[in-house]
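The block underneath contains the structure these notes are about, expressed in structure tokens.
Bear in mind that the values in this text are calculations on the coordinates, not laboratory data. In this text the structure is predicted, and so the values were computed from the model without any measurement. Here the Cβ is made from the backbone with ideal geometry for all residues, glycine too, and neighbour counts use every protein chain on show.
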Amino acid sequence: MSEPLLAVRDLVKQYPVQGEFAFTRTRRVVHAVDGVSFDLRAGETLGVVGESGCGKSTLGRAVLMLEPPTSGTVLFNGRDVTRMGASELRALRSDMQIIFQDPYGSLNPRMRISEILSEPFEIHGPPSSATVRERIAELLSAVGLTPLHAERFPHELSGGQRQRVGIARALALNPRLIVCDEPVSALDVSVQAQVLNLLKDLQRQHDLAYLFIAHGLAAVRHVSDRVAVMYLGRIVELADATSLFARPAHPYTQALLAANPKPDPRKRSESAPVEGEMPSPVDPPSGCRFHTRCRFAASLGGRCSAETPLLKEVAPGQFAACHLHDRGHAS
Ligand code: ADP
Ligand code: MG
């Protein structure tokens, strides 16, 4: 098989606990991402889901080197981006882009849309086959806007239109990979589907790979080829989307799916998907991090708190990190 576009191996990102160092002698850290590995092929979408705080955004930022990881490697087209110098990284920016959840927060309110969309060319040089003005018109049309929008300010656009500008900015330099960090979570339900369809169309036209982050499974169901489920900084299940939704293998995936089986948001439950408090990523549980909230842990005789389960293939193309599957009975 051909080399993946992106190969992430044992990625770790820790943050120092704010303001604590002065008072304690030991330096404690937030284990935001803790040993994450996956591949992403050109043109593929990997959904990344998990409750708020599980490390999804940190993972996205570390992959793009917006924040350098603590350890691990990120190979893009076979080259380790964690070892690149500043100029190499700048060149890489045209290949790897990000779309944020809140397009309002990520667009400079004092700049016209035309200025926002010309910024990438000021940093990376003019587009190869057109003038900047022509390229901006092309980008606006690609995301369903018109040249009239170029002279507007962000506050003059709707939420959906602003996110279209965010997408146009990400597309400006013809990237191969876009990290989509909850790109529709802040939008009205009626607009979400339009923006998702736009992302899908653009993916097909430009052979884009997406790392598509969302906090619920329903949001990634129709866009993902494969899905990675994260819990407290780790991937607990990684599978093709069809298998994951038909036969979730990890108890946490099962709980997420049971809590939110309906794509219709009006029918979604408002309660947390799993009972019990989310443990602190500063002091995560030993062994399987999910054992404190898992309904199967008690039946495995202490193994879940003692031993870290590794991701292993439990069905073709489906990987889960759970001791249940070592005993040969899938739940
Ligand atoms: P998610 O996107 O899944 O909601 P994040 O990646 O934003 O999760 O955060 C993962 C963990 O890392 C959280 O506990 C969060 O508080 C912590 N964290 C994120 N960014 C920072 C930062 N810059 N400094 C300290 N802690 C951070
Ligand atoms: Mg986030």
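Need the C-alpha centroid separation for region 149-171 versus region 64-81, integer Å. Their Cα centres are 30 Å away from one another.
How much length is gained on full extension from Asn174 to Gln18, taking 0.36 nm per residue of separation minus their Cα-Cα distance? Between Asn174 and Gln18, full extension yields an extra 52.4 nm.
Remark: spin-label model distance Glu88-Ala315 equals 4.1 nm, labels positioned 7 Å along the Cα→Cβ axis.
So for the chain, taking the charge dipole from beta-carbon charges (+1 Lys/Arg, -1 Asp/Glu), which of Val49, Gly160, Leu310 sits furthest toward the positive end? Working it through, the farthest residue towards the positive pole turns out to be Leu310. With the cut-off at under 13 Å, measuring from each backbone N in region 277-315 to a point 7 Å along the Cα-to-Cβ line of Thr26 picks out 282-284.
Once every DSSP H run of n ≥ 4 in the chain is given -39500 (n - 2.57) and the sum is divided by its residues, what mean residue ellipticity at 222 nm do you get, rounded to the nearest 500 deg cm²/dmol? Only helices count here, giving -8000 deg cm²/dmol. Rounded to the nearest 20 debye, the dipole magnitude of region 42-144 is 140 debye, with +1 charges on Lys and Arg beta carbons, -1 on Asp and Glu beta carbons, and the Cα centre as origin. Residues of region 90-111 with backbone nitrogen within less than 12 Å of a virtual label 7 Å along the Cα-to-Cβ line of Phe153, please, listed as ranges. Under 12 Å, as judged by backbone N against the label point of Phe153, lie 108-111 of region 90-111. The value obtained for the chain, namely the Cα convex hull volume divided by the number of residues, is 158 Å³ per residue.
For the chain, what relative contact order do you get, as a whole percent, if you take Cα pairs closer than 8 Å and at least 6 residues apart? Walk me through the intermediate numbers first.
On the way: 601 pairs, mean separation 64.3, N = 331.
Relative contact order here is 19 percent.
Given axes a ≥ b ≥ c from the Cα gyration tensor, I'd like to know whether region 210-263 is rounded (a/c under 1.5), prolate (a/b larger than b/c) or oblate. Please report the intermediate quantities before stating the final value.
Values: a/c = 1.24, a/b = 1.03, b/c = 1.20.
Cα axes put region 210-263 in the rounded bin.
Taking a spot 7 Å from the Cα of Ser71 along the direction of its beta carbon, which residues of region 293-321 have an amide N less than 20 Å from it? Of the residues in region 293-321, 307-311 have backbone N under 20 Å from the label point off Ser71. Note that region 49-138 shows a convex hull volume over its alpha carbon atoms of 148 Å³ per residue.
Basic side chains Lys and Arg get +1 at the Cβ, acidic Asp and Glu get -1 at the Cβ, and with that the dipole of region 177-227 about its Cα centre reaches some 160 debye.
If r is the Cβ-Cβ distance from Val132 to Ser37 and R0 is 51 Å, what FRET efficiency results, to the nearest 0.05? Display every interim value, and only then the final one.
Working: r = 40 Å, r/R0 = 0.78.
Rounded to the nearest 0.05, the efficiency is 0.80.
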